[in-house]
1. Share of Cα-Cα pairs in the range B:41-135 beyond 18 Å, in percent?
2. Can you list the equivalent-ellipsoid semi-axes of the protein assembly as shown, largest first and in whole Å, using the square root of 5 times each Cα gyration tensor eigenvalue?
3. Would you look at the GNM of chain A, springs on alpha carbons closer than 10 Å, and say which of A:133, A:70, A:86 moves the most?
4. Working from Cα positions, state the angle (0 to 90°, nearest 10) between the long axis of helix B:156-165 and the longest principal axis of chain B.
5. Taking the mean number of other Cβ atoms within 10 Å as a proxy for protection, how do you rank A:202-208, A:19-25 from highest to lowest?
6. Put the label 7 Å from Cα along Cα→Cβ for residue B:4; what are its distances to the other copies, in nanometres, shortest first?
7. Largest first, please: the extent of the C-alpha atoms of chain A along each principal axis, to the nearest Å.
8. Give me the inter-chain shielding for B:148-157: mean count of other chain Cβ atoms within 10 Å, whole number please.
C-alpha cells in the first residue's frame, strides 16, 4: 500500500482563507513538504504552522531566490525522491502550496515527477487573483467579460496588445517590474482603471489605486488589476478603495 | 450602528472546499441571502445548508432561469432593498455566493447597489477555474504562461482569435454551447489539448478528455480547459484523466 500525494492549496495568506478540507488534511498530516527560501521562513509553512502536529515529519524544498532552471530541476528531483520514499513506505504526504497548487505554483514540478507513480489528489485553493479583487473591493469579471492573466515579466509590446484586447486584466508577479508596468499603463491611458494590491490577506496588505502608489518597488506578491469592460460602476472612485 | 454586508464565496460545490472564514461567518449568521431559481433548490444554499442556524432569517433572491436584463435588475433592486432594511436595523447580512463573489458572480449586482451605503467585506472563495484543473489533474498555468478566461457564449471568430493567442484557456459557461465549441476546437486541431469538466467537486462530477465526451449537451456548470504552452507534460494522455 503506497501513500497518497496531496497537493493542498493554502489560499493567499490569511490562515482563515484556507479551505475546510486543507485544514483537515494538514491537521492530520504525518508528513508535509513545502517550498522554502534558503534564508528566512517558508511562507507556505507559516500559513499552516498552527495546524502542524508537533511530531510530524517535514520535508522543506529549499530553493534559492534567484536560481537558474537547471539547478532548480535538480532540487525538485531530490525533493521528489525524498517524498517518493515516504509514499512508497505507505505514508501520505501533504505538499503545502501557497494559493492554488495548479495556478502558477511550484507544486507542479513535484506533481510532474510523481503523479504517474503514486495516487495523487489536488485540493484547490483561493488564488491571489480573487483575493486581490476582494481586497480592492472591485469585481473581477461580469457577464461575458474576457479575463486575461498576464505575468508582469512579459515584454511591453506583448503586454500592450493583450491589455488592449481584454475586458479584465490581472498583471501578476509585478515585483521589480513595477516602474515599467506603471509607465506602460500610463502611456496607454489606463492608470485610472488600475488597482494595485500587495500581500493580499497577509499582514501588511495594501490595496490602492495604482495612480496613488508612490515609489518604484513592489514585493513579489503584488498584482495590478485593470478593468476595461462595460460596467462603469466596477471602476470605483479612489475614495472607495 | 448599521450591519455589515458580507459577500461570501462558497467554493465550487463540495462543502469542504469553502474557506474556514466562510464556515465561521455562515455558522454564526443571523441573516443570509442567496440566489435561487424559481423552481428547485438554490445551489448556493445547498452548499451551506448544514451550517445554517435553524432560526436564522433567509432572503432568497429568486431569479427565473432565462430572464432578460431589465426584469433581472428589478429583482436585484427589490432584494437589495430587503437586505438594506436588515443592515439599517443593525443586522449583518451574509450573501452566499457560489465560487467567488467577484468571479462571474451575481453578488456584484447586490454589491453595486449597497456597497456605498453600508460597510462591506468580500470573502474570496475557490473558483470553478482551479477546481476544474484539480478535477482534470492538470496544471492550469506555469511560469510566464498567459491565461485567458473566455465565456462560451462569445462568437466563434472571437473565440478562435483569443484561443490562438493564449497558452492556457478556460472556456466557461459551456452549457448549450457545447456542440459549437467542440466543432470549433476540432477545426482548430485542438481537441487533443482539451479537457472537459462538469460539476467540479459536486455530486456527479465528471472530468475527461473533450475528445472522449459523447453527446451534445452539457450542464451550465461545465468548463473546457485547453493547454497550449511549452510544458508538454501538462497534457496528460487520456488514460491519466
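1. Numbers: 2356 of 4465 pairs.
Result: 53 percent of Cα pairs exceed 18 Å.
2. Values: eigenvalues 209, 135, 127 Å².
They are 32, 26, 25 Å, listed from largest to smallest.
3. With Cα springs under 10 Å in chain A, the top fluctuation among A:133, A:70, A:86 is at A:70.
4. Approximately 80 degrees, to the nearest ten.
5. Numbers: A:202-208: 14.1, A:19-25: 22.3.
Packing proxy ranking, top to bottom: A:19-25, A:202-208.
6. Nearest to farthest, the other copies are at 3.5 nm.
7. 58, 37, 34
8. Values: counts 8, 11, 6, 6, 1, 2, 2, 0, 0, 0.
The per-residue average across the peptide is 4.
Since every read-out is calculated from the coordinates, none of them should be taken as a lab result. Just so it is clear, the structure is predicted and the values come from calculations on it, not from any experiment. Cβ: placed from backbone, ideal geometry, glycine included. Neighbour counts: every protein chain shown.
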